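Peer 1: Shown below is the structure under consideration.
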Amino acid sequence: MKTDERPVASPCVNVCALDEQDICIGCQRTVQEITRWARMDNDERRAVIKLCHERAVAAGLVIG
């Protein structure tokens, strides 16, 4: 991570509830991703956000 790079913002939308697969219905992160977020570097955070988008598309929540 570049030292002058700002941290990637959390995708949290304050709709915090887990579905049957333990994925947050608000941000589409897993419990592990949520708990590790503060310790992730920006590359890891971008990868998680990509996964969140893929999960939202697969669930029909957004159009890919």
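Every number in this text was worked out from the coordinates using simple rules, so none of it is lab data. Since we're looking at a predicted model, the values are computed, not measured. Cβ atoms come from the backbone with ideal geometry, glycine included; neighbour counts cover every protein chain shown.
Peer 1: Once the Cα atoms of helix 42-58 and of the chain are each reduced to a long axis, what angle between those two axes, in degrees from 0 to 90 to the nearest 10, is obtained?
Peer 2: Between the helix axis and the principal axis of the chain, the angle is about 20 degrees.
Peer 1: Based on the Cβ-Cβ distance from K50 to C16, what FRET efficiency comes out when R0 is 25 Å, to the nearest 0.05? Write out the running numbers ahead of the final one.
Peer 2: Numbers: r = 21 Å, r/R0 = 0.84.
The formula returns an efficiency of 0.75 here.
Peer 1: Give me the Å³ per residue figure for the convex hull around the C-alpha atoms of the chain. Provide the component values of the computation, followed by the final result.
Peer 2: Numbers: hull volume 5.6 nm³, N = 64.
Each residue corresponds to 87 Å³ of Cα convex hull volume.
Peer 1: What is the chain's relative contact order, in percent, from Cα pairs under 8 angstrom and six or more apart in sequence?
Peer 2: Working: 51 pairs, mean separation 17.0, N = 64.
Result for the chain is 27 percent.
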